[in-house]
Each structure stands twice: as structure tokens, then as C-alpha cells.
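Worksheet: the structure to be examined is printed underneath.
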Amino acid sequence: MKKNKAIEFEIEKKAIAFRQQNGLSSTEPIRLKSLLLKNNVLTFFRPLSDSFSGMAVKVKDTNRFMMINSGISLGKQHFTIGHELYHLFIQENFTSQRCKTGAFEGAKDLEEYKADLFSAYLLLPEEGIKQNIPDEELKKGCHISLQTILKIENYYSVSRRALLYRLLNLSFIEQSEYEFHCMDIKKGAAQNGYPIHLYDKGNTNEIIGDYGVLANTLMQGEQISESHYFELMAAAGMNPLDIKEDEENGNK
């Protein structure tokens, strides 16, 4: 237990530092797609096997790639991005790994445990969580309401389990409350007027980064043929010719 606490303090400090390095306050939610662009992480969203949530690849210290499973909920995707950011920017001597995120199991894989912790601390800063909990719910012996849980997870755009783990870790809820609030998530959100897209799949075939720029640069520099360029763009779900035709037809 002492070892785990030491690891938690170490990773929380690194998450706080990463926020600061990226010009983020200690309470604001993170626009993850903007963060990926800023840090030049070429990211692909694809339907993947249920056996893993995402993967990351780093070539030297200049080229970073991420693949996120678009078959999991948006909230889980966001947590997975935070997890992969640990591998790409924090873990020493990292090259590549396929990840099943959100397990928080240090006994099985220490680096995966650290990556889960990093994502939780990065996306759900303690100060920000406290600011979003009513004073009466912070008092000893009181319970965090479903309405407060919904507010926090939508404010930070995270999965329910990630938030509940964080609340449990901060001693704001008990294990029994953790298990209770893992049930009927969409139903509870809808009953309280929250949209349910955070709990659904999405982003399939989206790409974040300069994939198209790189492909076009290679073609313009005659390093690849025009047909190869179009093959690369088609593989990414993009067809520049279709866009040109739409413009010519006035369908901008």
C-alpha cells in the first residue's frame, strides 16, 4: 500500500507538470484533440478488437503515433488518450504498446498502472473535482449525488468508471457507491437531462494530425506517385477529388 501511495504521488506530480507545460490550469477540462495537435501526436480512431483500448508508438523523440479504439465509448476514448500520453511523453525508454486501459492493476503491469493513474490525474484534477462538488456533499458522512457525478463527468468528458475510481481514491465515495453508480449509466443521464453521447461509440476513421500534409508533401516532392498519394488518402477515408467536385457544383 505504501508503495502504491508513493507511485500515486509521483504520477500526480507528473500529471500536474504536464498540464502546466501545456498551458492548462489546475481545474479546467482538457480539449484532447487540440492537445494532440499541439503536441504533434498523429492519432487514428479505428474500430479495434475488444481486447485492447488503444496503442501508442514512439519513434525516437520526434515521431509519436496513437491508435484509439472507436468501438468504445467517447468517455473511455478520452481516458485512453490520457493513458497513451503517459507512454508517449512520460514513460522512459518507451517504443510501443497495445493497451487495455482503466484496469488500475499495478500487480500485473506497473507501467500500465502508472498510465491509468496519469490519465485519471491529468483529466480529473483534484482541485477541479472539489470545485464541482457542493459543500454539503463534501461534509464527512455525506454522499456524492448522481447529479454531481453527472455534472463532473460531463464537465471533464470522462468515462463513469474513471470518475468513480478518482472519487474512490479521494475517499469521496465508498466501494459500494462505486459499484452502484456503475449501473444504468445512460438511463440515469437521460433521466437527469444529460445527453448520452459521452457513453456511446464515435470518431470512427477520424484522424488528428498532419497525415494528409505528409502524404501531400511526399507527392509534391515526387517521392511518391499521384496514384500512391490517393491510395494513402483513401486509406484514411479521404478523397480530395470528391471535395473538388463538391466545390465545383457549389456544394461547399
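No value in this document is a laboratory result; all are computed from the given coordinates. Since the structure is predicted, the reported quantities are computational estimates derived from the model, not experimental observations. Glycine gets a Cβ as well: all are built from the backbone with ideal geometry, and neighbour counts include every protein chain shown.
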Check: When the Cα centres of region 133-188 and region 77-125 are compared, how far apart do they sit, in Å?
Finding: 22
Check: So what is the relative contact order for the chain, in percent, with contacts set as C-alpha pairs under 8 Å and at least six apart?
Finding: 22
Notebook entry, point to check: Between ASN39, GLY75, GLN91, whose Cα lies farthest towards the positive end of the dipole of the chain when Lys and Arg beta carbons carry +1 and Asp and Glu beta carbons carry -1, centred on the Cα centre?
Noted result: GLN91
Note to self: Under 10 Å, Cα contacts only: if you run a Gaussian network model on the chain, which one of THR80, THR101, THR217 comes out with the highest mean-square fluctuation?
What the structure shows: THR217
Next item on the list: Name the residue, out of ALA115, ALA190, ALA162, whose mean-square fluctuation peaks in a Gaussian network model built on the chain with Cα pairs under 10 Å.
Entry: ALA190
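What percent antiparallel are the DSSP beta bridges of the chain, to the nearest 5? Mind dumping the intermediate values first?
Details: 12 of 18 bridges.
Antiparallel bridges: around 65 percent, rounded to the nearest 5.
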Item checked: Candidates LEU32, LEU150, LEU138: whichever shows maximal mean-square fluctuation once the chain is modelled as a Gaussian network with Cα springs under 10 Å -> LEU138
Next item on the list: List the trypsin sites (Lys or Arg not before Pro) within region 8-85 that fall in a DSSP loop (any state other than H, G, I, E or B) and whose Cβ has at most 14 other Cβ atoms within 10 Å.
Entry: ARG31, LYS60
